[in-house]
């Protein structure tokens, strides 16, 4: 996972996902929503890559880990 | 009494997100856009469709169908679980857009909001222009795939009717000028609040269309058709006078569950009941209430049902209190049959603050302290970190869901924001 932190806006945004040996460049954050699990704050990003694949990425603000939760592509059913 | 049709300028706007659960998924995951998609309570063939996308509706797929039936209509329909956290976030963003226009924004359900523009500085601009701007803002601030229906009228009832005239992405106004014309094109059951039973009752008194309903005298509605004050409310509502702007206080907390595996096994049922009571108890205590009544309802697989409520002398506060009384009621059912829906609720609420302190610490006070400590741990580390032993291995049972039409839950959501 490669992300970019903008100190002016104090925001961290995902840039690239490396998954199964392949690098996916993120074109757009389609939706972002924060979720609280107890005191822990998670940021969920649903992003679209250059080959129209969606990744659901969870950013844990406590451990600073990214978790890939779901992959959705045009063959989804 | 002969009351004319309300001729005031319409100031109520009803906004309804189109196929909310499905379009929110399509917003979040662009490969799903433009494709028939359903959100189902369970993705298994017997699962109930909660929301079809606009594309799925074109294939005849409707809310309430089973996944099996949806697949018969369109075999490649995409079936997904609801994502309550995503939907709640969409609702909060939707609410935020509208709150910029008026302080009087009222949630009607997770995907419907009503705004009252009376007395606001933007009212003079004209509601149609504002509605177009709201549609644009929802696309910019919630998501470009999210569309909505907007209805404008002099009361909430007509505004909702207007919002349903042209779906999806509609914008309609009902005023004294076109009221009769709108009624002429509708049936009685198109009116929000008129179901087939009311329709049958209206038919008995010679009311067959919304226009007949409008023409019916107050005496007929109040003394014969509805035989109650409801007749008077309908008389006002149909003429565009506001009667539904009432803020109800909270009367109860409840949880219900449609069983994935229907059973009559008491050991299974009491485990489910424990989890329902824990969820209900967390909400009861989180809102600083205790309850003096509990109610249990069971729907069996043969579609018969049984329910019982009990009022108590001693307040219920801890999960254990609620659970013991719920099991006590469960054991009173006359016949043990396979259960398909299980619901529990507590009522006769009383605020816990301020509280009279005990001179000598009672057993009840000790239990309350333990419960408060457990609640605080769950608040800090996440839901169900500490649970009663009966709830072990129940992570996948009774998962988080959006309750339909639960306005009070939405108010809690705004408070937590």
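Examine the range B:118-138 for a residue that is surrounded by fewer than 19 Cβ atoms within 10 Å (Cβ to Cβ), at pLDDT 95 or above and touching a helix residue (DSSP H, G or I) at 6+ places or on another chain (Cβ under 7 Å), and state whether such a residue exists. Scanning the range B:118-138 turns up at least one residue that is surrounded by fewer than 19 Cβ atoms within 10 Å (Cβ to Cβ), at pLDDT 95 or above and touching a helix residue (DSSP H, G or I) at 6+ places or on another chain (Cβ under 7 Å).
Evaluation of residue B:295 against the conditions (1) under 27 Å from residue B:375 (Cα atoms); (2) touching a residue at least 40 places away in the same chain (Cβ under 8 Å); (3) touching a helix residue (DSSP H, G or I) at 6+ places or on another chain (Cβ under 7 Å) shows that the sole unmet condition is (3). Taking the listed residues B:93, B:75, B:71, the one that is without any contact (Cβ under 8 Å) to a residue 12 or more places away in the chain and within 14 Å of another protein chain (Cβ to nearest Cβ) is B:75, with no other qualifying.
Taking the listed residues B:56, B:70, the one that is farther than 17 Å from residue B:26 by Cα, buried (at least 16 other Cβ atoms within 10 Å of the Cβ) and modelled with pLDDT of 95 or more is B:70, with no other qualifying.
Considering chain A, the qualifying strands (runs of 3 or more DSSP E), each wholly inside and each with 2 or more residues that are within 14 Å of another protein chain (Cβ to nearest Cβ) and modelled with pLDDT of 90 or more, run over A:22-37, A:40-49, A:54-60, A:66-72.
A quick yes/no check of all residues on (1) farther than 18 Å from residue B:24 by Cα; (2) in contact (Cβ under 8 Å) with a residue 60 or more places away in the chain; (3) surrounded by 13 or more Cβ atoms within 10 Å (Cβ to Cβ):
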residue: A:33; (1), (2), (3): no, no, yes
residue: A:42; (1), (2), (3): yes, no, yes
residue: A:45; (1), (2), (3): no, no, yes
residue: A:51; (1), (2), (3): yes, no, no
residue: A:59; (1), (2), (3): yes, no, yes
residue: A:65; (1), (2), (3): yes, no, no
residue: A:69; (1), (2), (3): no, no, no
residue: A:75; (1), (2), (3): yes, no, no
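Are there helices (runs of 4 or more DSSP H) fully within the range B:114-191 with at least 2 residues that are over 25 Å from residue B:234 (Cα atoms)? List them. Of the helices (runs of 4 or more DSSP H) lying wholly inside the range B:114-191, those with at least 2 residues that are over 25 Å from residue B:234 (Cα atoms) span B:127-141.
Scan the range B:18-46 for residues that are surrounded by fewer than 21 Cβ atoms within 10 Å (Cβ to Cβ), in contact with a helix residue (DSSP H, G or I) (Cβ under 8 Å, 6 or more places away or on another chain) and either without any contact (Cβ under 8 Å) to a residue 60 or more places away in the chain or more than 14 Å from chain A (Cβ to nearest Cβ) (or both) and the total you get is 8.
Selection within the range B:242-282: residues that are free of Cβ contacts under 8 Å to residues at least 40 places away in the same chain and assigned to a helix (DSSP H, G or I). The member of this set that is surrounded by the fewest Cβ atoms within 10 Å (Cβ to Cβ) is B:267. Evaluated against (1) away from chain A (no Cβ under 14 Å); (2) in contact (Cβ under 8 Å) with a residue 12 or more places away in the chain; (3) out of contact with any strand residue (DSSP E or B) (no Cβ under 6 Å at 6 or more places or on another chain); (4) not in a loop (DSSP other than H, G, I, E, B), residue B:15 falls short on exactly one condition, (3).
The values are calculated or read from the model by the stated rules, or taken from the named source; none is laboratory data. All figures in this text were calculated on a predicted structure; none of them were measured in a lab. Neighbour counts run over all protein chains shown; Cβ positions are idealised from the backbone, glycine included.
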